[in-house]
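S.K.: Dumping the structure here so I can ask a few things about it.
Each value in this text was obtained by applying a stated rule to the coordinates, not by laboratory testing. In this text the structure is predicted, and so the values were computed from the model without any measurement. FYI the Cβ positions are ideal-geometry reconstructions off the backbone, even for glycines, and counts take in every protein chain you see.
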Amino acid sequence: SNTPVKVAVTGAAGQIGYSLLFRIASGALLGPDTPVELRLLEITPALKALEGVVMELDDCAFPTLAGVEIGDDANTIFNGANVALLVGARPRTKGMERGDLLEANGAIFTVQGKALNEHAADDIRVTVTGNPANTNALIAKSNAPDIPAERFSALTRLDHNRALAQLSRKTGTSVNDLRKMTIWGNHSATQYPDIFHAEVAGKNAAELVNDQAWLENDFIPTVQKRGAAIIEARGSSSAASAAAATIDHARDWLKGTAEGDWTSMAVVSDGSYGVPEGLISSFPVTTSNGNYEIVQGLEINEFSRARIDASATELGEERDAVQALGLLG
Ligand code: NAI
């Protein structure tokens, strides 16, 4: 149909927004035949900058961009939204404790969860990119009791893509030859990039690489600490790659993963792989038509078990902290 799909983006005047909006508007999310209406949320002091971004969107004359609405009220901006990309968050500033950060973001994601609950379209799908992404998604979900829990997700696709890039380099193959990469757990330094089920041109990646030292001392820490390495090199955090991953995540969720492959998404745990039920944790998932399924039946070796458990423990601690702050509705 030619009814525009309404895509809400928060933090639209930020770094990631500056890359994300133009790609969505040009059809990278929904394809060249689907008109898109952007609904952009910012805090009041950033609206002027956002007006400038909208001027640039106008100036691109994208054929797929059917309209843009901006504002600082989540109730208005989320009205009728089919897709919500929650990118805006409160960054950690000097002297801010972890608890302060959770509380500041809690204030954002409780309000946005409630606004989605009241105003989004029935087919809403929510992706949280803003950090701490998993726990922000948990807060939004908990404040949106009328939206099915499986409509909420958090972004670990950037970690997934980083892992693909590292494995491709190590094996001297193209990323097109790689399948079944998995990121488990939290989008944090405890995340576990797992190549034991991954394939390189049809062969098991761990067996092909056959290099435990590389796995433990290079691959895993490189993926876990890539965000910090980008900040160190660029002077600001990853933005274009985060925008690309946000699009990959939301597009694959709507359009489906390829036969014989899967992707990584942080979704509500159903207890699979021993991850406590209710946590929003990254899993290998297949998707089709806006639904996902956690890949079942993978054998988890001891090495992986310890790492999956450690990240789940961290997620449990974050949940307990926001619960204690009364942010889970
Ligand atoms: P940024 O600081 O450039 O932009 C964030 C924007 O959000 C700002 O314009 C700010 O005004 C806005 N904002 C703050 N509170 C808001 C609210 N209540 N409603 C609407 N907008 C609000 O940050 P950047 O670089 O664009 O990153 C955004 C977030 O994404 C950060 O939390 C960052 O840590 C996270 N991130 C997550 C990644 C992931 O893989 N999950 C990767 C990279 C970044």
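S.K.: Using only Cα atoms, what Kirkwood radius does the chain have, in angstroms?
M.R.: For the chain, inverting the mean 1/r across all distinct Cα pairs yields 20.0 Å.
S.K.: Another question, if that's okay. Quick one: length gained pulling residue 236 to residue 317 fully straight, 0.36 nm per residue minus the C-alpha distance? Don't skip to the end; give the middle numbers.
M.R.: On the way: separation 81, 0.36 × 81 = 29.16 nm, distance 2.80 nm.
Between residue 236 and residue 317, full extension yields an extra 26.4 nm.
S.K.: Please give the charge dipole size of the chain, origin at the Cα centre, charges +1 on K and R Cβ atoms and -1 on D and E Cβ atoms. Round to the nearest 20 debye.
M.R.: Charge dipole of the chain: 540 debye, to the nearest 20.
S.K.: Nearest 10 degrees, 0 to 90: what angle lies between the long axis of helix 47-60 and the longest principal axis of the chain (Cα atoms)?
M.R.: 80
S.K.: Taking the simple approach of a point 7 Å from Cα along Cα-to-Cβ for both residue 49 and residue 69, what is their distance in nm?
M.R.: 2.4
S.K.: Between rounded, prolate and oblate, where does segment 157-318 land on the alpha carbon gyration tensor, with a ≥ b ≥ c its root eigenvalues, rounded for a/c under 1.5, else prolate if a/b exceeds b/c?
M.R.: Note, shape of segment 157-318 comes out rounded.
S.K.: What ³J(HN,Hα) values, in whole Hz, does the Karplus curve 6.51 cos²θ - 1.76 cosθ + 1.60 give for segment 306-318 when θ = phi - 60°, with x put for Gly and Pro?
M.R.: 4, 6, 4, 5, 4, 6, 5, 4, 4, 4, x, 5, 5
S.K.: Now, a different point. Cβ under 12 Å from residue 111's Cβ, residue 111 left aside: what net charge do those residues give with Lys, Arg +1 and Asp, Glu -1? Provide the component values of the computation, followed by the final result.
M.R.: Details: positive: 114; negative: 72, 73, 118.
Summing Lys/Arg as +1 and Asp/Glu as -1 gives -2.
S.K.: Turning to a different aspect of this structure: Please compute the length gained on full extension between residue 26 and residue 150, using 0.36 nm multiplied by the number of residues separating them and subtracting their Cα-Cα distance.
M.R.: Full extension from residue 26 to residue 150 adds 41.9 nm.
S.K.: Enumerate the amide H contacts of residue 238 below 5 Å, restricted to partners 5 or more residues apart or on another chain; note that Pro and chain-start residues carry no placed amide H.
M.R.: 231
S.K.: Additional query: In what order do 151, 251 fall by count of nearby beta-carbon atoms within 10 Å, going from fewest to most?
M.R.: On the way: 151 22, 251 18.
Placing the least packed residue first, the sequence is 251, 151.
S.K.: If I model a spin label as a point 7 Å beyond the Cα along the Cα-Cβ vector, how far apart are those points for residue 15 and residue 229 in nm?
M.R.: 1.7
S.K.: What number comes out for the charge environment of residue 29, summing +1 per Lys or Arg and -1 per Asp or Glu over other residues with Cβ under 10 Å away? Let's see the in-between values first.
M.R.: Numbers: positive: 23, 251, 255; negative: 248.
Once all neighbours under 10 Å are counted, the net charge is +2.
S.K.: What is the set of long-range amide H partners of residue 8 at a cut-off below 5 Å, with H atoms built 1.01 Å from backbone N?
M.R.: 39, 82, 83, 84, 85
S.K.: With labels modelled as points extended 7 Å from the Cα through the Cβ direction, what inter-label distance (nm, one decimal) is found for residue 310 paired with residue 325?
M.R.: My value for the distance between the label points is 2.5 nm.
S.K.: Let me ask something additional. Starting from the Cα-Cα distance between residue 218 and residue 201, subtract it from 0.36 nm times their residue separation and give me the gain in nm to one decimal.
M.R.: Computed gain between residue 218 and residue 201 is 3.9 nm.
S.K.: Choose one of 182, 46, 66: the residue whose Cα lies farthest towards the positive end of the charge dipole of the chain (beta-carbon charges +1 Lys, Arg; -1 Asp, Glu; about the Cα centre).
M.R.: Of the listed residues, the answer is 46.
S.K.: Measure of size requested: the Rg and Dmax of segment 5-154, with Cα atoms as the atom set and Å as the unit; please supply both.
M.R.: 14.8, 48
S.K.: Divide by every residue of the chain the summed helix terms, -39500 (n - 2.57) for each DSSP H run of at least 4, and state the resulting mean residue ellipticity at 222 nm, rounded to the nearest 500 deg cm²/dmol.
M.R.: Theoretical 222 nm ellipticity from helices: -12500 deg cm²/dmol.
S.K.: Placing +1 at every Lys and Arg Cβ and -1 at every Asp and Glu Cβ, with all other atoms neutral, what dipole size does segment 5-154 have around its Cα centre, in debye to the nearest 20?
M.R.: Charge dipole of segment 5-154: 520 debye, to the nearest 20.
S.K.: If I take R0 = 30 Å and measure r between the Cβ atoms of residue 189 and residue 288 in this structure, what FRET efficiency does the formula 1/(1 + (r/R0)^6) give, to the nearest 0.05?
M.R.: Numbers: r = 32 Å, r/R0 = 1.07.
Efficiency for this residue pair is about 0.40.
S.K.: If I take R0 = 35 Å and measure r between the Cβ atoms of residue 94 and residue 56 in this structure, what FRET efficiency does the formula 1/(1 + (r/R0)^6) give, to the nearest 0.05?
M.R.: Here the calculated transfer efficiency is 0.65.
S.K.: Shape call for segment 81-191 from the C-alpha gyration tensor, a ≥ b ≥ c root eigenvalues: rounded (a/c under 1.5), prolate (a/b greater than b/c) or oblate?
M.R.: Because a/c hits 1.5 or more and a/b fails to exceed b/c, segment 81-191 counts as oblate.
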